[in-house]
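S.K.: After the structure tokens below, expect a handful of questions from me.
Throughout, read-outs are computed from the coordinates displayed, never taken from laboratory work. Here the structure is a predicted model, which is why all the values come from computation and not from measurement. All Cβ positions, even for glycine, are placed from backbone atoms using ideal geometry, and neighbour counts span all protein chains on display.
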Amino acid sequence: MFRVGGHGATGEGSSRPTYIFSPDSATFATGGFPQLKKGTGSATGLRWPAYTLDYSASVAEAAFWYVGIPTGAEFNGGALEIFSRFATAGTGTPAWRAVGWTITARAVGPLGAWNATGVVSTITGTAVPTTACQVVRQSVALSVSGWAEGKVLQIKVARTTLATSALVTGTARPDAKFGRALLRLTQDGA
């Protein structure tokens, strides 16, 4: 997990961290998790080797990340950006090719309950590109109520499946290859 700190508008050392969630830093439950895969580079295939979390289009799967909010962090907002791609091109109408995500987030402080529920945010479906391996960038603002320095953030990322999607069903969508997510803590005006 890599964290990039920032300075406030006044340059007085306030911190607005950005967290990078990579496939190989995820934690998984005993079932219902995306497959960690390594795409190796080759002259005819993937030219840039990379790890991905391959989320099924039809099975509920989730991955989890945990990060600490450092002392001195100043923020009043947060956003999660997800970068994914698809090994195969989308087909059919755009609604059938859409990919969405469900994000659950919460902060746990000292003596806090680890297994309590979190706040759910959704990224509505974005059409899968009609060309294979094109990157899709999607983002959502997160509620930061209760987040503060010295707490642990729990982040769960699940793909919206055909079974749980409000989209038209009946046409298969390709599996999503989760590449990275960025969690940015933000401050109004900066």
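S.K.: If you rank PHE64, PHE86 by fewest surrounding Cβ atoms within 10 Å, what's the result?
M.R.: Working: PHE64 16, PHE86 22.
If I rank by nearby Cβ atoms, fewest first, I get PHE64, PHE86.
S.K.: Moving to a separate point now. On a straight-distance basis, which lysines could pair with LYS156 in a cross-link, Cα separation under 20 angstrom, same-chain partners fewer than 8 positions away excluded?
M.R.: Leaving aside lysines fewer than 8 places away in the same chain, those within reach of LYS156 are LYS37, LYS177.
S.K.: Taking other Cβ within 10 Å of each residue's Cβ, how do ASP24, ASP175, ASP54 sort, fewest first?
M.R.: Numbers: ASP24 9, ASP175 23, ASP54 18.
So the residues, fewest neighbours to most, are ASP24, ASP54, ASP175.
S.K.: Further question: Could you line up LEU36, LEU153 from fewest to most neighbouring Cβ atoms inside 10 Å?
M.R.: Working: LEU36 15, LEU153 21.
With the sparsest Cβ surroundings first, the list reads LEU36, LEU153.
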